[in-house]
Structure formats: structure tokens, C-alpha cells
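Take a look at the structure below.
The values are calculated or read from the model by the stated rules, or taken from the named source; none is laboratory data. The structure displayed is predicted, hence computed values, not measured ones. Positions of Cβ are generated from backbone atoms using ideal geometry, with glycine treated the same way; all protein chains shown enter the neighbour counts. Ligands, DNA and RNA are stripped out before the accessible areas are found, and what is left, the full protein with its side chains, is counted by its heavy atoms. Shrake-Rupley method; radii C 1.70, N 1.55, O 1.52, S 1.80 Å.
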Amino acid sequence: MRLYRYIKNSICCYIALMCVVTFNLYAQGHSLNKPNIILIMADDLGFSDLAVYGNTVVETPNLDALAKQSVQFSDFSVTPVCATTRAALLTGKHPYKVGVSGVHGGRDYLALEHTLISQVLQHAGYKTAMWGKWHSGKSEGYLPWQRGFDEAYYAELYQHKNTYGWLNGEPVQHQNWVSPIITDYAIDFIKRQGEQPYFAFLSYLAPHEPWLAPEKFVEKYRKKGLREATANLYGMIEEMDAEIGRLIEFLHQTDRIENTVVLFISDNGAWWGSSNLGAMLQEEWQQRNPLKLKGWKARNWQNGVRSPLFVYSPKHLEARTEHHFVDITDLAPTFADWAESEMLANVDGFSIKPLLQNNAHNNTSKSSLSDAHKNRVSLISTHDVVAEQANFNQWTPISAQTKKSIKLEKQMIALRNAQYKLVLNPIRDDNSYPQAVDSYVLIDIKNDPTESVNLMQTRPDIARTMQAQLAAQFDEILNYAGSFKPPVHYISASELSVLNAFAPAEVFGNTVSKAHFLTNLHKKGDGAIYHINVVKRGEYDVYVHQQNYRGAGFNIKLGTANTSITRTLTAHPYEYVGQLSLSPSDQTLQLEVVGIESMNLWSSIEQLRHIVLVPKGVAFDPDLLSVPK
């Protein structure tokens, strides 16, 4: 019944949205004054995963209505994967500059020295909250309630049914789907706000795989003849649409829309497969991609980076379509501009406030754009950084030495300006993609949105200019202090500290990084180095957590420059190594294989997951350990 009410509410929401259209022309005379900001982000939603953009199967009445009553940006670009987009969103900077160059393995930790838009808005007098997918660091110091959010629900990734996670640091379990839980939290937060402005960030997990939705939303797509995978995918999208409709309806029914701006975006393009139900068929993908955009999530082609952007404020913004090129790094400066804050400095993005003040009858606001904004170029980069290092992959930490081996000519990156897109080392997923010329493809993106014609030979002037700009931007990133920085792990003196073993600062020997563990430590001298910050001098019991038994018989040494312990591993998942005496400072902790006693010549430490440091006097029960995956 509850889901039925949500669907019924969605229809009411559409009516409410249509009713406010009569106020649009009147609204142009009013200005936003420190508005409430509601940011809604979908996860892996493709540009054409909405009916309003040509999808003839999925039903998204609320987002369609929201689009029609918003300023829609037709050329809004994000990054190809989630963590890099979120880093750019939160900082206004290129993700590589703030330490984010991947989606797991420690390369998704947003470096602590950078100011987030949540902190800027807090400083400007806003109450701040977020719920859902975080993916900007999963250790002490990096969590949302520690980075400028007064309230936060960190949802465990991709647990769509019976979501669980951490609410302001405390474990919490729900007996409901994650999309309604996120909306419930948001509505409750907004209800409690009085005259103080607020920033509410709803970070939905839909429709990221595994594709799984309530039966109420899936059954209609089965009846349309869809296979189970696509029926669940579209069911997830429609459920999220219903929840967004419920939120918008709440804002109107409680008269909370007056000084509020609602934005809707996705973090990257669509993906074609699900771990629980398999891949889409080619025919299904073609239906899902009616605009015939090339690529998908994790690609620099448009279907990997083109996202919807709706900006909705019915009392202040006239519904229309804005074609100016806008980048994900522009949102943080825009929010700071609305909050009348100058705290956000040295960003790569530009405030889009002048573009929003423009309307269908008056184009003068664009003249207020700076020359830098008018002529801006944006570097689009993937999680597949290429470095000349043995065993290097998308999860390997980028140490200072590794950083020196990163060469521009090896990277799979792109550069955008208002008219053109230059792609270096493009991935050709089929023969319809344009052939590279000297490793480059140049596209006139305004006149060739399907990226079909390479202009490298017909527009060599544009190509040379953009190649030089690409080289300059990438060189700036390589020389930027702290770019690609690995995470720092905080060691508490009052409670146990969990180091994610898969998030080191450096690996050596044969060690291979994976998304959620270290593996392939099979010879003497293999190991990893971790950056740690010890808060207070103390004695710490140390445990290592393995997810299988194959490391039994390996002698490991664990320690700092001043102290170390050794232990022969057994098959125990949480192995007690010994006690370390640590002094307060920034330092390194090294784990190294120093001997092998196993008779199995093919054995190795394969799934090293955590290193746990327990202060003297603090109890440790592995069964009660509750940390993000």
C-alpha cells in the first residue's frame, strides 16, 4: 500500500508542477537570497534513461515534469565514473587534484586538505545533510559527518533491499528499500528546518547494479515483454522517480518551495550489465540509447559523460533549455555563489548563476561571463590511469615515484570546450566508432553529438590548439601539490582503528591491489606501505584480517621506522600480530613478507582486507566490527 501511495502521490506531483507554470514569467523579477539547495543525484543513470529524453519504455512522470518546469542544461558533462564525479562535485576541482583517480582500492578517498562545498555552506550559515551513496572515502576522517555534513546516512553500497549503513557514525538497519529511506530522511530533515537555509544532498543508489526493484515496479515491465534484467533496471528508475515526486510534492504542499532550488543530475553514464541478472542484449541497449550516443559508463564518449541537469525554482527561474557547456566542477562554485561565500578558492569550475539569470526573453546575463568562463576547457579523465609500474592497475596506489611514471601520451582522457571535444587514445567498442589519427579523435560536439566524424585532418588548427591545451592541463595536474594523493589513516587513542588494507600509499614486490583487498603477496619482500596519523602516544594490539586461509604459514613483519612486530599467519580470519608502541605523528606503517614456512609452493596472501589497531584497554570483538565495505 505504501508504494501504491507513492505512485498516486507522483501523479499529484505532476499536477502541482503544472500549476506553477503560470508564475514563471512573474518570477523573473525575484532573486534568490541564500536559497535552500536540494541536490538530487542518481547513480549510473544514462542521459536517455528518462522518457523526456526519448526512452519509450521507462516511465518517469515526475522527472519528466520536473525537466519541463526547470532550466534544462543540454550540454552538462560529468566524469565517466562515480567517485571522480563526486570529488569534482564536492570540491569544484578536477578529481585527480584532490586525490581521486579511481572507484575503489583507496583511490576514491577525497584528500582531507581540500574544502568541500558542505563545509563552505556550513560556514555560510547553512544546515547540511546527505543520505545515500558517499564514495569519497570509507575510513575515519573521510566520512560525511566528518566533512561538513551536520547529518548523514552513509548507505552501504548497492544494498538496495533492506538498506543498512551508518547514521552520523552509528550502525543502523532498515527493513525497506533504499530509495524511500533516503527520501524519508530528507523530508524529516527539511521539516525540522526553520528560517535557517539548508543544503540537502539526496544521493540515490539507483539504478546502479545489481538491478533489483520492488515487485510493484517490476511487474509492469515484465508485462511489456522485457526480460528480468531490464525489467528490474527500469523498475529501479521508476521507483526513484516516484520518490523524487514525493519529495517535490512535499515541498509544494508545505509551502517550502519559495526560496528553494532543486537540482537533478546523474554521476555518470549508463552501464549495460548487472552482477545478479547478466548483461543487456544489443537490442535492449539500442532501445535504451535512442539518441545513439557512443560509449557507456567508464568511457569518455558522450554516453559515458553526458548527464541531465535540471535546475528547478518555480518562483525564480523560467523553464527553458540552456545550451551553454557546463561541467560538474561548476556546481560547487554555483552553490557558494548562492550562499554569498568566498570561502571556496582555487577551483576549476565556474558559477552558472549568470546562465540561470538569463531567460528566454533576455540574453544579457551571458555577457557577464568572464573571458575564462566563455573560453573554458575541461579535462575529462577516467579511472584507468596508466603508469609504467609492474602490476599497476586501476586500484594500485599512486605513490610519488609512480606519479613520475605517468605520461600524457599513454592516458585515455579527453578535453572539452564549448564547441569541440578532443579524445586521446579512444576506446573503439565497435567499428562504428571513428578511427583515431595519431591517437586522437576530434569531434564537433555541437554539430555531431553522436561523435561520428573525426576532424583531425580537416581541422588541424583546432586539433593543434586543443592538443596544446590538453598537454598544459595534464601537466598542471601532475605538478599540482597533492594530486593523486593516497589516503591517510587516522589512529585513535580511545577506540579501535581500522585501516583498509586495500588502501595503502604504496605497494612493492609482487603485491597486487584489488578493489577491496590486497593479493599476490607470495614472495619474501612483498608488501605495502600505509600513511598513518597517530593522534596520541600509546600501546596498540594489532590484528590483520584475511578473507581466506591461503596466507597460512607466511611470516609477516609490521611496523614503523621505530618499532616492529612479526608473526606467522594461521588460517584465523583475524590474526593477532602483536603489540606496537606508537608515537603521535604523521608516519608510515609497513607490512612485509619476511619468510614463508608453508609447504604449498603456490600459496600466497590473497585477500588481505583490514589491519586493526586496538588501543590498550579497549575490547575487540571481530563479530561486532561494523565498518563500510
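When we screen LEU212, LEU205, LEU233 for residues that are more than 28 Å from GLU258 (Cα to Cα), open to solvent by 10 Å² or more (accessible area, probe 1.4 Å) and either among the hydrophobic types (A, V, I, L, M, F, W, C) or modelled with pLDDT under 95 (or both), the only hit is LEU212. Any residue in the range 64-79 that is open to solvent by 10 Å² or more (accessible area, probe 1.4 Å) sitting within a Cβ distance under 9 Å of a residue that is in a helix (DSSP H, G or I) and among the acidic types (Asp, Glu)? List the pairs, counting only those 6 or more apart or interchain. Note: pairs meeting the criteria are ASP64/ASP241. I need the full set of residues from the range 570-586 which are in a strand (DSSP E or B) and of a type in the set (Gly, Ala, Ser), in order please. Correct list: GLY578, SER581, SER585. Would you say ASN417 is on the phi > 0 side of the Ramachandran plot and surrounded by 13 or more Cβ atoms within 10 Å (Cβ to Cβ)? When the stated conditions are applied, ASN417 does not pass them. In the range 335-347, the residue that is farthest from ALA87 (Cα to Cα) out of those that are assigned to a helix (DSSP H, G or I) and touching a strand residue (DSSP E or B) at 6+ places or on another chain (Cβ under 9 Å) is TRP338.
Total residues in the range 503-516 satisfying the condition of being surrounded by fewer than 23 Cβ atoms within 10 Å (Cβ to Cβ) and in a loop (DSSP other than H, G, I, E, B): the figure is 6. Of all residues in the range 547-561 being in a loop (DSSP other than H, G, I, E, B) and under 38 Å from the mean Cα position of the chain (by Cα), which is surrounded by the most Cβ atoms within 10 Å (Cβ to Cβ)? The selected residue is GLY551.
Selection of the range 121-155 for residues being open to solvent by 20 Å² or more (accessible area, probe 1.4 Å) and assigned to a strand (DSSP E or B) yields LYS127, GLU151.
Only one of the numbered conditions (1) open to solvent by less than 60 Å² (accessible area, probe 1.4 Å); (2) in a strand (DSSP E or B); (3) free of Cβ contacts under 8 Å to residues at least 60 places away in the same chain is violated by VAL544, and that is (3).
Annotation for the range 381-404: at least one member residue is crowded, with 23+ Cβ neighbours inside 10 Å, of a type in the set (A, V, I, L, M, F, W, C), in contact (Cβ under 8 Å) with a residue 40 or more places away in the chain and more than 20 Å from ASP475 (Cα to Cα).
Residue check: VAL534 meets all listed conditions (1) among the β-branched types (Val, Ile, Thr); (2) under 22 Å from THR519 (Cα atoms); (3) touching a residue at least 24 places away in the same chain (Cβ under 8 Å); (4) open to solvent by less than 50 Å² (accessible area, probe 1.4 Å) but one, namely (2). Among the candidates VAL172, VAL178, the residue that is touching a Phe, Trp or Tyr at 6+ places or on another chain (Cβ under 8 Å), open to solvent by 20 Å² or more (accessible area, probe 1.4 Å) and of a type in the set (Val, Ile, Thr) is uniquely VAL172.
Residue under question is ASP541, and the condition is that it be under 15 Å from GLU592 (Cα atoms) and either of a type in the set (A, V, I, L, M, F, W, C) or more than 30 Å from the chain's Cα centre (by Cα) (or both); does it hold? Considered against the rule, which asks whether it is under 15 Å from GLU592 (Cα atoms) and either of a type in the set (A, V, I, L, M, F, W, C) or more than 30 Å from the chain's Cα centre (by Cα) (or both), ASP541 comes out as no.
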